[in-house]
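Chemist: Take this structure first; my questions come after.
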Amino acid sequence: MRKSRRDRQNLPWGWWLRATDSAFEDQDGRHWKSVRQAFWGGRLNFPSSQFVPEQLELLLRVLLHLDCEASSWTEAGYDLFAGDFISWRFYCCWLASIGLTSTVDGTAPTEASLTEEGFSVLLMLQATRDPDWVDLPFSEIAELVQASTTIGAPDALMAALAEFERGVGLRRNVFAREVINEEYLVTLTGFESTGRMPTRRIIWSASFSSAGPRDALFVWLAKRVHRWDDWATVAFERGAAALTQHMFTLFLAADSPTAA
């Protein structure tokens, strides 16, 4: 079983770096322009490159998946690697080889838990995220939703969902439960900034005849709040139908470990 966030230390990777006026000094006396550069060049021993930001963003998303008990490895293969399971398996093996995940108990690399260092890297990547990438808060509330579904307490689940909705309401891209003309809906409202005046509009929706199925879908979405911004990008760039197809693929992958 993956270790809960509450069982881990809360210090981000690089807390030991000494900040000077223009750089960060590590324990070996090397100087880095940023904590991320110290991790990329010092810890991973990778060369400087223009695609460092996108690669660290991918790493953050993979670590978030591995820290989320709700999603399966096949789901992540479709969602993060577009169904390229060879690359997904290799990436997981690489994480285990550098000590960010643990397979000492015989766990497959795709199902591995984050090590203490892996979790500290996740914290660092979240804390130093580029402003262009929307922050990923609400982990504690998402865990509460997960715990409420596990213990099978409907009242606790509804309370957790209500708390979750209050917490995520002002995100740039947000899924929400609604009732319109006696239809029970889950909507995705996206933030559009292409015109003179930034606006928010509904870019995807799913309707249900009763509250139960709608709430079940919203629980599934709440457990994957860290993926909402990417799913909104799918709806913006490829249309609502493309997002529906993508999510349907993820539903099947989540329920079928052999889907790959």
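Read-outs throughout are calculated quantities, based only on the coordinates presented, and are distinct from any laboratory measurement. None of these values were measured; they are calculated from a predicted model. Cβ atoms come from the backbone with ideal geometry, glycine included; neighbour counts cover every protein chain shown.
Chemist: Express in nm, to one decimal, how much length is gained between ALA127 and LEU170 on full extension, taking 0.36 nm for each residue of separation and deducting their alpha carbon distance. Walk me through the numbers before you get to the answer.
Modeler: Values: separation 43, 0.36 × 43 = 15.48 nm, distance 1.95 nm.
Full extension of this stretch gives 13.5 nm more.
Chemist: What distance in nm lies between label points placed 7 Å from Cα along the C-beta direction at CYS93 and ALA242?
Modeler: 3.2 nm
Chemist: Roughly speaking, what is the stretch gain from PHE85 to ASN10, that is 0.36 nm per residue apart minus the C-alpha to C-alpha distance, in nm to one decimal? It would help to have the intermediate numbers written out before the result.
Modeler: Working: separation 75, 0.36 × 75 = 27.00 nm, distance 3.17 nm.
The PHE85-ASN10 span can extend by a further 23.8 nm.
Chemist: At 0.36 nm per residue, and after removing the present C-alpha to C-alpha distance, how many nm does the segment from SER49 to MET158 gain when stretched out fully? Walk me through the numbers before you get to the answer.
Modeler: On the way: separation 109, 0.36 × 109 = 39.24 nm, distance 4.65 nm.
Length difference between fully extended and current span is 34.6 nm.
Chemist: Additional query: Two decimals is fine: what's Rg over Rh for region 55-113, C-alpha atoms, Kirkwood radius as Rh?
Modeler: Details: Rg = 10.4 Å, Rh = 11.3 Å.
Rg/Rh for region 55-113 comes to 0.92.
Chemist: Follow-up. Given a Förster distance of 25 Å, report the FRET efficiency between ILE180 and THR249 from their Cβ-Cβ distance, rounded to the nearest 0.05.
Modeler: 0.40
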